[in-house]
Amino acid sequence: MMRQAGRYLPEYRAVRAKADFLTLCKTPELAAEVTLQPVRLVGVDAAILFADILLPLEAMGAELVFAKGDGPTFPHPVRTREDIEKLRTPDVEESLGYVFDAMRLVRRELDGQVPLIGFGGTPWTLAAYLVEGGGSKHFEHLLAWSYGDPEGLARLLDRIADTSIAYLRGQIAAGAQALQLFDTWGGVLDLQRWRALALPPLRKIVDALQGTVPLIYYVNGGGHLLEGMSELPVDVLSVDWRQPLSKVRRTVGPRVLQGNFDPAALLAPIPEIERRVAAVIEEGKGGGHIVNLGHGILPMTPVDHAKAFVEAAKRLSVRS
Ligand code: CP3
């Protein structure tokens, strides 16, 4: 499994040429089509819904723009307690029903061939985009708020958690067979501040979804957070490539791990990719392991390299 759809596939770019990114997300037939592409073209053993973690923030009333080449932006960032009060608690069927429709289409098309994974961002990571107004290098606004008025920021995170719970429950109702929570920016916090700021709203989501479908928690750049992550009652811990899985295991024990092939290593020659897949599998021994990339696939990845990765992972891993 890896972050699948996207710009490295010519077939994705062909669909994308006809529709901008948000239109693609909001047109269930197109979203379903690009969700299925990696399953058909690359042979991955799970489908991951084509959507974006930022969509529920738009549903909460924050204008979201995907400008060409700039990534996502929120022209009206949320930076004060008054700004929080202007956000809605949306009816997710009404405002995000297009996601659920796409999922139902995908499940029907897949007809049980591979499972469908849904996803969302963690409140901390979603707030990072909403407060900064888009991507950021240093997250000054978010971090200033976290030091200046942690209770106010906690209120925002809690509002995001509530909408996320409704949204993720909607995904389960629409057919998600597992859910991945992406904490792309959890790693900017030290362990103590991660526990104080990021964990409570994340824990609220995890508790609300307990006993539904398997939950996967992913942190990027979170090697220093492993001790905290390991206490989270999720089924799978997903990690980036920055440290070997054997070392991750020393902190988290025999839990199911997901990862952690360096996406940039897909740019290496195919024999080197195969060697590195074998190494990742070797490193992952000592507990369950879902072979995956350690972060999203890079747009310039050659398709035959992505295929070589999937084939090697299937050939070399022992199913348990
Ligand atoms: O595998 C998939 O493509 C499934 C769907 C998916 C997308 N975004 C589609 C997308 C998933 C799982 C995401 C998650 C996501 N989105 C995250 C968390 C995972 C991570 O990468 O850390 C984050 C932080 C976002 C927010 C986001 N969306 C950013 C920062 C960008 C710009 C990326 C860039 O490199 O320019 C997006 C756009 C986006 N989301 C694209 C896709 C396929 C590219 C859109 C395009 O075609 O132009």
Unique match (being farther than 24 Å from Val188 by Cα and within 16 Å of the ligand (Cβ to nearest atom)) among Ile216, Ile290, Ile205:
Ile290
Show the residue pairs meeting these rules: Cβ distance below 6 Å; 6+ apart or different chains; first residue within the stretch 112-135 and on the phi < 0 side of the Ramachandran plot and in a loop (DSSP other than H, G, I, E, B); second residue charged (D, E, K, R) and surrounded by 24 or more Cβ atoms within 10 Å (Cβ to Cβ).
Thr122/Asp183
What about Leu110, is it surrounded by 15 or more Cβ atoms within 10 Å (Cβ to Cβ) and closer than 22 Å to Leu181 by Cα?
no
Kindly indicate whether any position in the stretch 238-248 is surrounded by fewer than 19 Cβ atoms within 10 Å (Cβ to Cβ), in contact with a Pro (Cβ under 6 Å, 6 or more places away or on another chain) and at pLDDT 95 or above.
no
If Ala51 passes every condition in (1) out of contact with any Leu (no Cβ under 6 Å at 6 or more places or on another chain); (2) within 11 Å of the ligand (Cβ to nearest atom); (3) outside any loop (DSSP other than H, G, I, E, B) but one, which one does it miss?
(3)
Count, please, the residues in the stretch 17-27 that happen to be free of Cβ contacts under 8 Å to residues at least 12 places away in the same chain and under 22 Å from the mean Cα position of the chain (by Cα).
1
Looking at (1) within 28 Å of Leu191 (Cβ to Cβ); (2) within 21 Å of the chain's Cα centre (by Cα), which is the one condition that is false for Ile297?
(1)
Quick one: is Val236 more than 13 Å from Glu283 (Cα to Cα) and within 16 Å of the ligand (Cβ to nearest atom)?
yes
Restricted to the stretch 68-96 and to residues being in a helix (DSSP H, G or I) and free of Cβ contacts under 8 Å to residues at least 40 places away in the same chain, the residue nearest to the ligand (Cβ to nearest atom) is Ser95
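The values are calculated or read from the model by the stated rules, or taken from the named source; none is laboratory data. Here the structure is a predicted model, which is why all the values come from computation and not from measurement. In this analysis, Cβ positions are derived from the backbone assuming ideal geometry, glycine residues included, and neighbour counts consider all displayed protein chains.
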